Every structure is written in C-alpha cells, then in structure tokens.
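The values are calculated or read from the model by the stated rules, or taken from the named source; none is laboratory data. Only a predicted model underlies this, so the values are computations on that prediction, with no experimental measurement involved. Reconstructed Cβ throughout: ideal geometry from the backbone, glycine too, with neighbour counts over all protein chains shown.
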Amino acid sequence: MVSILAAPVFVFLWSTGFIVARAITPYVDPNLYLLARFSGTTLLFLAIAAITRAPWPKGRDIGRHLAAGALLQGVYLGAGYWAVAQGLGAGIMALLGALQPLLTAAVAARLFGERLSPRAWGGLVLGLAGVALVLAPKIAASGAHAANIAQASAGHAPQWLVVTIAVLAVFAITAGTLYQKTSLARADIRSASAWQNAGAAIVALVLVLALGEHRFIPSATTWLSLAWGIAMLSGVATTLLVWMVRRGDASRATALLFLAPPLAALESYLAFGETLDGVQLAGFAVALAGVLLARSK
C-alpha cells in the first residue's frame, strides 16, 4: 500500500514547494525560512527516532549523513533561492531543476550500474520537453524581468555567476540523491533524516549569516508555510524521495520530479490566478507520458 501511494503523494507534496516559496516572499527572507524549516524537521525526526527507539548512525556515518542532507536540501534550495533573488527567473530555475532526473540517470548508470531501456531514456527526454512547455510562458516573462533587473540594479551578482550557482544547485541535489544509494541506505531512515536535515540546516545558517538575512514577519501565512515545510516538504516529501531511491533505481524515482512543475503551475492557477493555457496543459500531458515511460521496466 505504501509503495502504491508513495509516488503520487511525493509528487503532490514536492510540487507545493513552489507555492510555499512564493507565499513566504513578502514575509520571510528565503534562507531564514529554510533555516527554520530544516531545524524544525530535525527536531521532529529527533523526537520520532527517540520515541520509536530507532538505531542511530555512528562514527563517520554521521558526517556522511550531514553531507548528504546538506547537498540534497541545503545547497540545492539555498543556492536556487539565491539565484532567483539575483534575477534568475523562477521558470528558468525550475527548468534547470528538471534536468536533475536526466543527470541522475547518466551518473547512476556509471556508478551503480543502473540500466535504462531506450524507451525509458525517451521518457526522460519527453518529460523534460513537457516541463519546458509548461514553463514556456514563465521563461519568456523571466527573460524580460532579468533584463530589467540587470539595468535597474548594479548590486546584483554577474549573470554568469548566477547561472553557474543555479547549475551547481542542480548538481548538488543530484549528488545528494545518489549519495542515498551508498552505505547510507543501511541506516534507519528516521534517525538518518534527523542528521540529514541538520546538515541542511547548517548550510542554511551559513547562508543566513553570509547574506545578512533577518526579515521574519509573523503572520498566518508565515506560520502555515513553516508548518507545511517542516512536516510535509522536508518531513514527508524529502523522506519519501530518499525511501524510493533506496528501494529502487534512482533514475526512476527522480523521474517523478518532472511532474512537480506542471502540477505547481496548476496549483498557482488555482491559488494565485496565474495563467494556464492550452500549451501548458499539453505540456502536463507530455510530462506525464514521459514519466510513465521513464518508470516502465
């Protein structure tokens, strides 16, 4: 039953991360939000592991779990949020993030001997094409937005640096995902999640201090977004991703990420009244077909 529900639950929860990121923008600096979120999830899993008496990683494995969590969540989200704040369009960042399943498949084939059929590779490419169709309006708009920012502000980082950091964010989540296939897979997922969220929190703390972030305006949106991030995004969604990667091929698990941007576009239409045209709906169908092919045996 858990195996059947894992994929749709993961896709839905992961997609809401885009909505939360937009919702908190007027109230909380991004890395400060991530610091609170990762710290809260760390405490949540500490309590779960203690209550259930889960075995804890020891020795060098503690450092490995900290590093895995830092890459999977801390560097990926922190660098991605920073790139968007520097003028990189959210649509472009989401499209770069959609490269992660292809990158994961390529690296997993070499490191872990995972083999995808030509049909599955075609599914990955089709999934990326579907995401591109869904994000096309946002990418077009973000190009003009980035140009305006470049002209209006000299305080932003050079565009080449912003793009480089965004690409490094994608490599970080890929490395953090594949790290779960190593000896870390033997650890109890409850105690492992505590350490990995702590690793992500350390990265967020460094970024908060380095960037001087301090804005935190209490509001219903702030607390709801934080609770959702702690329990559902880092608590359930990320743990489900780790669980699926441990149980099967990393490439088939991460192929589900193709569905997150299309679903987020639908959620944005319902929550914020953003546009959702025929091309985007067609992109959703193409992405879904790609995921089904990529996950086929």
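Listed residues 59, 89, 40, 74; which is out of contact with any Lys or Arg (no Cβ under 9 Å at 6 or more places or on another chain) and under 21 Å from residue 172 (Cα atoms)?
74
Go through the stretch 267-293 residue by residue and tally those that are of a type outside the set (Ser, Thr, Tyr) and not in a helix (DSSP H, G or I).
4
Taking the stretch 268-284 as the search range and keeping residues that are surrounded by 14 or more Cβ atoms within 10 Å (Cβ to Cβ) and among the small types (Gly, Ala, Ser), which one is farthest from the chain's Cα centre (by Cα)?
Among those residues, the one meeting the criterion is 283.
Identify, please: which residue in the stretch 246-267 is buried (at least 24 other Cβ atoms within 10 Å of the Cβ) and under 24 Å from residue 198 (Cα atoms) and is, among those, nearest to the chain's Cα centre (by Cα)?
This residue is 257.
Right, residue 221: touching a Phe, Trp or Tyr at 6+ places or on another chain (Cβ under 9 Å), β-branched (Val, Ile, Thr) and over 23 Å from residue 79 (Cα atoms) or not?
Yes.
Would you confirm, using the coordinates I've provided, whether residue 134 is under 20 Å from residue 285 (Cβ atoms) and out of contact with any Lys or Arg (no Cβ under 8 Å at 6 or more places or on another chain)?
Against the criterion (under 20 Å from residue 285 (Cβ atoms) and out of contact with any Lys or Arg (no Cβ under 8 Å at 6 or more places or on another chain)), residue 134 qualifies.
Considering every residue within the stretch 190-198, establish whether at least one is modelled with pLDDT of 95 or more, of a type in the set (Ser, Thr, Tyr), surrounded by 19 or more Cβ atoms within 10 Å (Cβ to Cβ) and under 18 Å from the mean Cα position of the chain (by Cα).
Yes, because at least one residue in the stretch 190-198 is modelled with pLDDT of 95 or more, of a type in the set (Ser, Thr, Tyr), surrounded by 19 or more Cβ atoms within 10 Å (Cβ to Cβ) and under 18 Å from the mean Cα position of the chain (by Cα).
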